[in-house]
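Here is the structure we will look at, set down as structure tokens.
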Amino acid sequence: MNDTVKFSVKDLDLYYGNFQALKKINMEIHKGKITAFIGPSGCGKSTFLKTINRMNDLIEGVKITGSITMDGVDIYKDMDAIQLRTRVGMVFQQPNPFPMSIYDNVAYGPRIHGIKKKSVLDEIVERSLKQAAIWEEVKDKLKKSALAVSGGQQQRICIARTLAIEPEVILMDEPTSALDPISTLKIEDLATELKQHYSIIIVTHNMQQAGRISDKTAFFLTGEVVEYGDTEQIFNKPRNKKTEDYITGRFG
Amino acid sequence: MEKSNWNKRKWSDGVLKGLIYLSTALTVAILAIIIGFILYKGIPGVNFNFLVRDWDSRTTFVNINKQAGEASTNPKYVASLGITLEDKDNAVYIKEIDSNSPVRNALNMKEQLYELKESDIITKVDKENTDGMTADEVAAFLTENSDAVIRLKVIRPGGGIKQMLISTIYIIILTLVIAGPIGISSAIYLNEYARPGRVLRLIRFAIQNLAGIPSIIYGLFGMLVFVQLAKMQYSILAGALTLSIMLLPTIISATEEALKEIPKVYRESSFGLGATKLQTIRRIILPGALPGILVAMILGIGRIVGESAALIWTAGTVAQIPISLVGGEAAAATLTTKMYWLIKETGDLSAASSIAVVLLILIIALNVASKLITRLFLRKKGTN
């Protein structure tokens, strides 16, 4: 098996009740790269993202067939969902820090997993906030409520919160769509930094963003992967007409 | 277009508006009359003594060692006992007690300390009945007496609601301790675990109906099952259990409302970090729902305080402070059940009204408390 492959998705179908949201997805997602999912609203990219950390398990009436393996292990059949989520973290579209202090937000993950010693937690919190490029801005107000900072800062705190559990993969579901352009750029820079240590999958509505930061891009349409390949190739020499139409803005 | 019916419209508008205003005035007036009447009848009887005295009056014989006291010009003062007497309603009572008065060390017939208090009525000195004597006469009689130890027959007046106040508090605590955890856990199950479907709808339907059952039916149930079947007799435990069942629907729905307020994304983020459902509930959901749960508890207290039918048949109407949970010594009247007893057994509407005044004040205080808590936590949420 290819050493650079993190996830291997085979014939993945997903049904919400009778509606088929994902159709026969096949792809390999690589380690240490930023993979972007693009496509118009409702095309299934967020749904697919959520299959990777089994967040769809929380929704009633969802049925999944096919398989996803991480490092060769089937994440549905041979892994516990809780365990999976400590290795695959997620950042959501709306910044949603918990209604507690910045410190407690970032320490939430480690505390859940049994880390109680203050010195250890202090170190984890500092390291995660530094990795999320927000340590300098909040180091003097760690005990303040996380809801009292700006949207862009809140999102970076959420990223720090995810980093605190030391995952291997970070899933980002339209992480900048609710933020201003400057915060957006900060987070894009952050993602580019982070790919040195993590595999990142980002769902985005913003094609330019995908073009700016991702190494590989998958174009989704009505639950199917229309085209998947190196970002360079998708944007400059798309093989599928529909891809080209989307990229050039003819629809979407 | 013809616009000629302006006068007609103006007139009918006016009449309807008048009716609306009248209805509101009527409602407010009725409320004012009710409260006004209760206050009028009841306030004269509400004072400090009313709140702290026992319900039943108590007659005791006590022995007091006289002291060598300083005489005074006051004919009502008894130097050897250090007390000042006074007349009221054909009875002679103790108006003032010196700080070093020997009556503070009076002993009853079992040689136990029975400290005499102000307002105690003296009805017998040694072998002499003092009925019909004035305070001056009793004081003189006591002063003339030359024995070292004197025996008095003393009546401690009752008519106070001390036992009912304490019993009410006991029942509140007991009921909340039982209904609280069960109600909150049920709400958590319904909101966080239960799957939508026929079973869930059945459960909700059952809860809704439970909320609508008249309280006297709960009283009947409580009497059959707790008092008789479980042999608890009239007891605060029987009362508390019955009230708990009554309160459950309220606590469950209020808690559920509070749980629903918590944004779904908090749960998602928590799961996304690898937390289990219970961890999420314990760390994020319950703390966030706490204000709502608190308000539910306070409203629950309001209902407990106001409940009568269910308690009459499970906790009884005896004015005593319960010293056990079940059995004869556990029966206890609350403010409401004593009111019922007063009206039914004695027709003493003034005393009943006085209790009613205390109840009204309690209920208003509880409502204010719940509003304050709601506002306090809304403000906290706002600054976030």
Residues satisfying the stated conditions in the stretch A:79-127, i.e. away from chain B (no Cβ under 12 Å) and assigned to a helix (DSSP H, G or I): A:I102, A:Y103, A:K118, A:S119, A:V120, A:L121, A:D122, A:E123, A:I124, A:V125, A:E126, A:R127
Selection within the stretch A:112-144 - buried (at least 17 other Cβ atoms within 10 Å of the Cβ) and either under 16 Å from B:R283 (Cβ atoms) or in contact with a Gly (Cβ under 7 Å, 6 or more places away or on another chain) (or both): A:I112, A:L121
In the stretch B:72-106, the residues that are closer than 30 Å to B:L335 by Cα, surrounded by 14 or more Cβ atoms within 10 Å (Cβ to Cβ) and of a type in the set (K, R): B:K95
Residue within the stretch B:164-173 that is assigned by TED's automatic domain parsing to the domain that holds B:T314, touching a residue at least 60 places away in the same chain (Cβ under 8 Å) and more than 18 Å from B:G316 (Cβ to Cβ) present: no
Matching entry among A:S145, A:S177, A:S199 (being touching a residue at least 24 places away in the same chain (Cβ under 8 Å) and within 14 Å of chain B (Cβ to nearest Cβ)): A:S145
Test result for B:E268, under 30 Å from A:G109 (Cα atoms) and either among the polar types (S, T, N, Q) or within 14 Å of chain A (Cβ to nearest Cβ) (or both): yes
The stretch A:46-60 residues that are acidic (D, E), paired with ones that are in a helix (DSSP H, G or I) (beta carbon under 6 Å, 6 or more apart): A:D57/A:A81
Total residues in the stretch B:96-142, condition part of a loop (DSSP other than H, G, I, E, B) and of a type outside the set (A, V, I, L, M, F, W, C): 19
Any hit, the stretch B:245-264, residues being over 28 Å from A:A146 (Cβ atoms) and either hydroxyl-bearing (S, T, Y) or within 14 Å of another protein chain (Cβ to nearest Cβ) (or both): yes
Some residue of the stretch B:366-378 being modelled with pLDDT under 90, within 14 Å of chain A (Cβ to nearest Cβ), more than 18 Å from B:T168 (Cα to Cα) and out of contact with any strand residue (DSSP E or B) (no Cβ under 9 Å at 6 or more places or on another chain): yes
Hits in the stretch B:353-377 (condition: under 17 Å from B:I172 (Cα atoms) and either under 11 Å from the mean Cα position of the chain (by Cα) or among the β-branched types (V, I, T) (or both)): B:V358, B:L359, B:L360, B:I361, B:L362, B:I363, B:I364
Sole residue being under 26 Å from A:R161 (Cα atoms) and either more than 14 Å from chain A (Cβ to nearest Cβ) or under 28 Å from the mean Cα position of the chain (by Cα) (or both), chosen from B:L202, B:L294, B:L286, B:L290: B:L290
Failed criterion for A:I234 (all others in (1) surrounded by fewer than 20 Cβ atoms within 10 Å (Cβ to Cβ); (2) touching a helix residue (DSSP H, G or I) at 6+ places or on another chain (Cβ under 8 Å); (3) of a type in the set (A, V, I, L, M, F, W, C) hold): (1)
One residue from B:L378, B:L372, B:L286, B:L311 being part of a helix (DSSP H, G or I) and crowded, with 18+ Cβ neighbours inside 10 Å: B:L311
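Every residue, every condition in (1) surrounded by 12 or more Cβ atoms within 10 Å (Cβ to Cβ); (2) assigned to a loop (DSSP other than H, G, I, E, B); (3) out of contact with any strand residue (DSSP E or B) (no Cβ under 8 Å at 6 or more places or on another chain); (4) among the charged types (D, E, K, R), yes or no:
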| position | (1), (2), (3), (4) |
| --- | --- |
| B:N49 | yes, no, yes, no |
| B:D56 | yes, yes, yes, yes |
| B:V62 | yes, no, no, no |
| B:Q67 | yes, yes, yes, no |
| B:E70 | no, yes, yes, yes |
Residue check for B:L210: closer than 30 Å to B:L237 by Cβ and at pLDDT below 90: yes
Residue check, B:S23 surrounded by fewer than 16 Cβ atoms within 10 Å (Cβ to Cβ), modelled with pLDDT of 90 or more and out of contact with any Cys (no Cβ under 6 Å at 6 or more places or on another chain): yes
The one condition in (1) away from chain A (no Cβ under 14 Å); (2) at pLDDT below 90; (3) part of a helix (DSSP H, G or I); (4) touching a helix residue (DSSP H, G or I) at 6+ places or on another chain (Cβ under 8 Å) that B:V358 fails to fulfil: (2)
The stretch A:48-78, subset buried (at least 20 other Cβ atoms within 10 Å of the Cβ) and of a type in the set (A, V, I, L, M, F, W, C), residue nearest to the other protein chains (Cβ to nearest Cβ): A:M55
Filter result (part of a helix (DSSP H, G or I), surrounded by 22 or more Cβ atoms within 10 Å (Cβ to Cβ) and either in contact with a Pro (Cβ under 9 Å, 6 or more places away or on another chain) or among the aromatic types (F, W, Y) (or both)) within the stretch B:314-352: B:A330
Enumeration of residues in the stretch B:55-77 that are more than 21 Å from B:L349 (Cβ to Cβ) and touching a Gly at 6+ places or on another chain (Cβ under 8 Å): B:R58, B:Q67, B:G69
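The values are calculated or read from the model by the stated rules, or taken from the named source; none is laboratory data. Since this is a predicted model, take the numbers as computed values, not measurements. Reconstructed Cβ throughout: ideal geometry from the backbone, glycine too, with neighbour counts over all protein chains shown.
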